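Heads up, the thing below is written out as structure tokens.
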């Protein structure tokens with residue numbers, strides 16, 4: 001980042017949750033204890049961007065109890081501004097994560113019904129105040145899936161962000177355990193009307209908008225980056241976005257993935273290199289990609305450099321336990337420049 005460049009700030013909005021996971025790839029059925037961490041799509045993006053030196057504000061609602069405060073402390077501890085977080089509701093959302101290995105897939109169990117954020121209503125957040133002197137607003141498709149009122153507030157936030165002159169981004173992030181494809185399409189079609197940068201994975205466009213890539217089989221890890229160019233083009237043309245980014249995960253096993261992405265700006269397609277990852281924790285991989293891309297774009301890097309940085313950032317995240325990407329810009333640039341040997345530094 002150019003330290004001489006004036007930056008006004010970034011806002012992210014979504015749920016932060018308590019994460020409980022058995023240690024050492026144990027199954028739920030055999031675990032005697034669970035490890036505690038905190039995370040959530042937009043919170044993860046906020047933490048990453050704060051690590052890159054940005055002024056980042058995270059907006060959410062958490063209960064007034066020690067778990068809610070612990071979640072705030074986690075985000076604040078990484079340098080994220082938490083002054084617009086609302087207090088209220090009875091509980092913090094929880095998710096249980098069982099790490100897979102080899103041919104055994106990871107599993108997520110949600111316990112987030114009636115969490116504090118699901119009860120928010122339009123008008124509860126003063127978005128004009130939140131967005132004052134800010135440049136960028138980011139949200140994911142997880143937040144509107146939490147409740148009908150969350151969907152209304154998500155649409156409200158995007159509309160006011162656009163009216164306030166912010167650049168907006170949305171990671172589509174379809175979660176079949178949270179809502180149906182029909183519900184997702186109804187809401188997300190309204191949301192992306194006010195989105196400048198659309199971010200998706202290899203399945204999101206098909207699940208939400210029925211836009212499919214030719215000759216792919218996600219379940220078998222058969223993904224060709226070139227086949228997603230038409231998906232990116234249709235997304236951009238249909239919803240009048242400025243940029244579309246698609247991450248591409250080749251699932252060789254629960255332990256090893258191929259990881260790459262493409263970016264389309266309406267004129268040119270940009271492709272990243274593919275990283276062959278041995279996974280430590282894949283949760284938050286997409287969030288770290290979003291953060292890396294936002295960092296590159298807001299830093300006025302060219303599209304190829306921004307994409308390469310985002311893919312390297314998200315690749316590194318998947319070697320780190322937990323939801324958040326605790327990594328510096330310098331470390332990411334080394335990987336983006338080709339230093340992927342993993343040799344010890346001393």
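Every number in this text was worked out from the coordinates using simple rules, so none of it is lab data. Treat the numbers as computed from the prediction; the structure is a model and nothing was measured. Methodologically, a virtual Cβ is constructed for each residue, glycine included, from the backbone with ideal geometry; neighbour enumeration extends over all protein chains shown.
Remarks
- Of the residues 195, 16, the one with the fewest other Cβ atoms within 10 Å heads the list, and the complete ranking is 195, 16.
- Relative contact order, whole percent, for the range 154-227 stands at 30, derived from Cα pairs under 8 Å and 6 or more residues apart.
- Residue exposure proxy: 249, 91, 343, ordered by other Cβ atoms within 10 angstrom of their Cβ from fewest to most, comes out as 343, 91, 249.
- DSSP-defined beta bridges in the range 97-227 - what % are antiparallel, rounded to 5: 35
- Extension gain (nm, one decimal) between residue 111 and residue 176, 0.36 nm per residue minus Cα-Cα: 21.9 nm
- Relative contact order [Cα under 8 Å, 6+ residues apart], the chain, whole percent: 15
- Only helices enter the 222 nm calculation for the chain: every DSSP H run of n ≥ 4 contributes -39,500 (n - 2.57), and dividing by all residues gives -9500 deg cm²/dmol, rounded to 500.
- Length gained when the stretch residue 126-residue 340 is fully extended (0.36 nm per residue, less Cα-Cα span): 72.6 nm
- Judged by the ratio a/c of the largest to the smallest principal axis of the C-alpha gyration tensor, the range 106-145 counts as oblate, that ratio being 1.5 or greater while a/b is no larger than b/c.
- Here the range 223-267 is treated as a sphere whose radius is the Kirkwood value from Cα pairs; by Stokes-Einstein at 4 °C and 1.567 mPa s it diffuses with a coefficient of 115 µm²/s.
- Relative exposure of 340, 246, judged by other C-beta atoms within 10 Å (fewest first): 340, 246
- When only alpha carbons are used to place a centre, the range 74-134 and the range 237-279 end up 26 Å from one another.
- Here the gap between residue 222 and residue 24, fully extended at 0.36 nm per residue and compared with their Cα-Cα distance, gives a gain of 68.4 nm.
- Rounded to 5, the percent of DSSP beta bridges in the chain classed as antiparallel: 50
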